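The values are calculated or read from the model by the stated rules, or taken from the named source; none is laboratory data. Note that the structure is predicted; figures quoted are calculated from it, not measured. When we count neighbours, we look across all protein chains shown, and the Cβ atoms used for this are built from the backbone with ideal geometry, even at glycine. To get the accessible areas, we keep the full protein, side chains included, count just its heavy atoms, and leave off ligands, DNA and RNA. Shrake-Rupley method; radii C 1.70, N 1.55, O 1.52, S 1.80 Å.
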Amino acid sequence: MKDIDPTTVSADEWDELNFPRPTEQEFDRVVERAISRRGFLGGMLAFGSGAAVMGTGLLNSTSARAQQANRFAFKPIPIATDNTVHVPEGYSWDVLIRWGDPLFAEAEGDFTHETGGSVAMSDKVFGENTDGMELFVIGGRQVIAVNHEYTNNKINLPQTADGMPASADDVRKLQNLQGVAVMEVRETENGWEVVKDGPFNRRITHNTPMRIAGPAAGHDLMKTVADPTGTESLGTFNNCGAGKTPWGTYLTCEENFNGYFGATGDMPADEKVAAGYQRYGIGAEGRYGYEKFDARFDVSQSPNEPHRAGWIVETDPSDASSTPVKRTALGRFKHENAACVLAPDGRAVVYMGDDERGEFLYKWVSRDVYVPGGDTSTLLDEGTLYVAKFNEDQTGTWLALTPEATGMSAAEIAIFTRTAASKVGATTMDRPEWVAVNPTAIEAYCCLTNNSRRGTMNDDGSIRTNAGGDAMTVNAVNPRETNRYGQIVRWRPAGENHASSIFEWDLYVMAGNPSVHTEGLNAGSANVNTGNMFNSPDGMVMDSTGLLWIQTDGDDSNEGDFAGQGNNQMLVGDPVTGEIQRFLTGPYGSEVTGLCWSADRRTMFVGIQHPDAPFPDGEGKLPRSSIIAIKRDENALLG
Ligand code: FEO
Ligand code: CA
Ligand code: CA
Ligand code: CA
């Protein structure tokens with residue numbers, strides 16, 4: 001491990017330091033970049049009616065627009081730099097649940113600020129780093145399924161000096177605090193609460209039995225000593241964003257799974273395995289120290305175990321004893337979320353981002369159609385995976401990842417999806433985070449959070465690439481060098497059909513800082529101003545009225561390029577006018593991530609992840625990732 005603290009560095013920085021990406025010799029890229037930029041601005045200004053007007057030349061139109069009535073029911077709030085949550089006048093918030101709070105009565109009173117809770121109860125409590133979530137109504141009860149992405153070891157293991165586990169028990173505690181929680185919630189006279197011992201309550205951890213389905217199931221690369229069939233694995237990892245299917249299941253998405261693996265002996269020599277490790281960032285030094293105490297995570301002993309992570313996992317929240325299923329047809333990469341929608345003919349379409357610098361945006365289309373009430377047990381197993389190619393003229397193509405197109409078998413396409421996508425010439429993206437589908441128009445959105453390496457050169461003058469050698473040249477959809485602020489791309493499929501393989505696109509917003517950069521692309525697009533600015537859009541959900549809720553995971557230093565942007569926040573955007581207003585600010589150091597609504601849409605549940613402040617318990621207490629419940633005065637509708 002190089003000179004960084006693995007317990008506090010971000011997954012993105014950790015990968016960059018440990019697995020610096022190779023280079024590509026391309027000396028004509030400067031010229032190409034200039035063409036791209038002209039194409040971007042020209043294209044945006046010409047984009048059709050209804051789209052947000054883009055281009056920094058139109059920045060001044062924003063203030064005039066803001067004076068007109070808009071669809072937002074609240075007065076926007078200023079930035080904050082303090083240690084708590086703020087919402088607009090007329091709204092209030094309360095904590096629903098925090099890391100360490102019991103889901104089962106037997107864990108009541110287990111959490112203390114000295115211990116961070118016991119090992120024995122660590123899979124009976126709400127886990128760490130709350131992230132994507134969905135609410136289900138099951139037999140009249142409201143049930144939230146929510147991800148626990150990763151751990152903050154120094155906080156979760158307060159007795160250790162450096163946050164690195166010192167025993168198998170420490171490892172087990174970390175493993176138990178991650179995964180998924182399913183919990184019943186109800187609203188009482190005193191506000192919302194989790195129903196302890198609710199019949200649907202369960203914790204899914206790094207050790208929960210899973211079934212492997214789809215094209216990779218049973219392949220040699222999926223077999224281990226403990227599972228010679230390659231069809232049964234343990235655990236789901238780094239559960240980031242989420243999704244919900246029309247048939248009522250929960251999709252949890254495995255993102256930075258690579259960090260859980262390390263080696264106590266030699267790294268695997270097999271060429272295919274080694275090439276996969278290189279592309280996905282699996283090295284000898286694990287981020288969490290699991291490999292020292294749990295042989296399953298030691299790739300010198302279990303070289304195929306990492307192939308069993310990096311998937312989308314389908315779980316039935318209505319049956320706490322059901323076995324979650326890894327749906328390998330949807331590909332293996334650093335999955336952000338899974339936005340599932342039906343094509344007009346009933347086929348399921350799942351949009352998915354791969355969150356790493358220069359990786360890709362994907363779509364999967366089922367072979368079979370969804371029939372309400374019909375059997376859905378194999379619906380996510382047969383279909384076609386596609387990767388996005390964005391053209392400079394604002395058209396795009398979904399390129400099918402088939403054996404014919406890639407020269408790879410269906411199982412290899414599933415296991416080494418990134419390699420397959422590189423072969424067909426997908427567009428390198430600025431870290432695709434959540435995709436949101438508009439329920440009121442046939443269009444979808446993806447947050448491209450930032451990319452500090454976009455368009456940058458190595459010392460020898462070659463352009464930076466992703467781990468597959470694909471150049472991160474500036475292009476129309478990722479138009480900025482050293483992209484600090486991020487953007488949101490939107491696409492409309494041809495024929496108003498999400499299963500179509502062609503689309504048109506534009507940028508809904510290009511975040512920026514107009515107070516620091518008065519001109520140029522870093523000022524942001526026309527719908528960004530000094531009153532609503534932000535950086536690094538990440539979580540994103542469309543509400544039932546077609547408003548776009550945007551959550552940030554960015555630089556909250558409030559200095560330099562980020563001066564005046566404050567803590568991470570949640571904003572809401574109008575897709576039609578392009579207007580954006582700030583609705584919520586999080587406590588210092590936190591990321592705002594995860595959003596769902598109560599069944600009556602009069603409560604909004606929002607995730608506050610890894611505060612670096614004594615939130616919500618106050619001074620001298622451990623910071624605790626929490627879900628908050630937001631209400632509006634008069635119990636009014638919230639989206
Ligand atoms: Fe877990 Fe890309 O955020
Ligand atoms: Ca995220
Ligand atoms: Ca992020
Ligand atoms: Ca995060």
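Whole number in Å², please: accessible area per residue of the chain, 1.4 Å probe, ligands, DNA and RNA not counted. Before the final figure, lay out the partial values.
On the way: 21920 Å² over 639 residues.
I get 34 Å² per residue for this part.
How large is ³J(HN,Hα) for each residue in the range 604-619, as worked out from phi by the Karplus curve 6.51 cos²θ - 1.76 cosθ + 1.60 (θ = phi - 60°), to whole Hz, x for Gly and Pro?
10, 9, 10, x, 10, 9, 5, x, 9, 8, x, 9, x, 8, x, 3
Roughly how big is the chain's charge dipole about its Cα centre, with Cβ charges of +1 (Lys, Arg) and -1 (Asp, Glu), in debye to the nearest 20?
Details: 54 positive and 88 negative charges, 227 e Å.
Roughly 1100 debye for the chain.
In deg cm²/dmol and to the nearest 500, what is the mean residue ellipticity at 222 nm of the chain if only DSSP H runs of at least 4 residues count, each as -39500 (n - 2.57), divided by the residue total? Present the calculation step by step, with values, prior to reporting the outcome.
Working: 9 runs with 71 residues, N = 639.
When only DSSP H runs of four or more count, the value is -3000 deg cm²/dmol.
Quick one: which of 160-171, 346-357 comes out on top by average Cβ neighbours within 10 Å, and what's the full order, highest first?
Numbers: 160-171: 16.6, 346-357: 25.1.
For the peptides 160-171, 346-357, the packing ranking is 346-357, 160-171.
Spelling out what I want: for every residue of the range 148-165, take phi, set θ = phi - 60°, compute 6.51 cos²θ - 1.76 cosθ + 1.60 (Karplus), and round to whole Hz; glycine and proline get x.
Per residue, the Karplus-derived 3J(HN,Hα) values read 10, 5, 8, 10, 10, 4, 5, 7, 6, 10, x, 7, 8, 6, 10, x, 7, x Hz.
Carbon and sulfur together cover what percent of the accessible area of the range 11-632 at a 1.4 Å probe radius?
Its accessible area is 49 percent carbon and sulfur atoms.
On the full set of protein chains, 1.4 Å probe, figure out the accessible area of Leu135 and give it in Å² to the nearest 10.
Here the accessible area works out near 10 Å².
With unit charges on the beta carbons (Lys and Arg positive, Asp and Glu negative) and the dipole taken about the Cα centre of the chain, which residue among Val576, Tyr386, Leu361 sits farthest to the positive side?
Value: Val576.
Find the Cα radius of gyration of the chain, compare it with 2.2 N^0.38 Å by division, and give the number to two decimals. Display every interim value, and only then the final one.
On the way: Rg = 22.9 Å, N = 639, 2.2 N^0.38 = 25.6 Å.
Computed over Cα atoms of the chain, the ratio equals 0.89.
Taking every pair of alpha-carbon atoms in the range 138-265, what share in percent sits in each 5 Å bin, from 0 to the bin with the longest distance?
Per 5 Å bin, starting at zero, the Cα-Cα P(r) for the range 138-265 comes out as 2, 9, 13, 18, 19, 15, 11, 7, 3, 1, 0, 0 percent.
Would you tell me the accessible area of Arg98, worked out with a 1.4 angstrom probe on the heavy atoms of the protein chains, in Å² to the nearest 10?
Near enough 70 Å² of accessible area.
Among Ile204, Ser300, Leu507, which residue has its Cα positioned farthest towards the positive end of the charge dipole of the chain, with +1 placed on the Cβ of Lys and Arg, -1 on the Cβ of Asp and Glu, and the dipole taken about the Cα centre?
Final value for the positive-end residue is Leu507.
Once the range 273-338 is represented by equal point scatterers at the alpha-carbon sites, with solvent omitted, what log10 I(q)/I(0) does the Debye formula produce at q = 0.14, 0.16, 0.18, 0.23 Å⁻¹?
-0.54, -0.68, -0.81, -1.06
Whole-Hz Karplus ³J(HN,Hα) for the range 113-128, in order, using 6.51 cos²θ - 1.76 cosθ + 1.60 and θ = phi - 60°, x for Gly and Pro?
Values per residue, Gly and Pro as x: 6, 7, 9, x, x, 8, 5, 4, 9, 5, 9, 10, 10, 5, x, 9 Hz.
With every protein chain kept in the model, how would you rank Lys75, Lys326 by accessible area, 1.4 Å probe, largest at the top?
Working: Lys75 145, Lys326 0 Å².
Most to least solvent-accessible, the answer reads Lys75, Lys326.
For a quick check of your reading of the filter: which GluC sites (Glu not before Pro) in the range 280-320 sit in a DSSP loop and have no more than 15 other Cβ atoms within 10 Å? List each step's numbers first, then the result.
Values: sites: Glu285, Glu291, Glu314; in loops: Glu285.
Listed in order of number, the matching sites are Glu285.
With +1 on the Cβ of every Lys and Arg and -1 on the Cβ of every Asp and Glu, and nothing else charged, how large is the dipole of the range 177-333 about its Cα centre, in debye rounded to the nearest 20?
Computed charge dipole of the range 177-333: roughly 240 debye.
Given the alpha-carbon gyration tensor of the range 345-461, what are the semi-axes of its equivalent ellipsoid in whole angstrom, ordered largest first, with each equal to the square root of 5 times an eigenvalue?
Numbers: eigenvalues 159, 71, 29 Å².
Taking √(5λ) for each Cα gyration eigenvalue gives 28, 19, 12 Å.
Going by Cα centres, the range 497-560 and the range 592-634 are how many Å apart?
22 Å
Hey, can you grab everything whose amide H is under 5 Å from the amide H of Thr84? Only 5+ residues off in sequence or another chain; H modelled, so Pro and N-termini drop out.
Counting only residues 5 or more places away or on other chains, the set is Tyr588.
Amide H neighbours of Leu361 under 5 Å, at least 5 residues apart or on other chains, H built in the peptide plane: list them.
Amide H to amide H, under 5 Å and 5 or more residues apart or across chains, Leu361 pairs with Ala388.
Sorted by accessible area (1.4 Å probe), largest first, how do Leu637, Leu399, Leu103 line up? Before the final figure, lay out the partial values.
On the way: Leu637 90, Leu399 35, Leu103 0 Å².
Of Leu637, Leu399, Leu103, the descending order of accessible area is Leu637, Leu399, Leu103.
Can you bin every Cα-Cα distance in the range 521-628 into 10 Å intervals starting at zero and give me the percent of pairs per bin, rounded to whole numbers?
15, 43, 32, 10, 1
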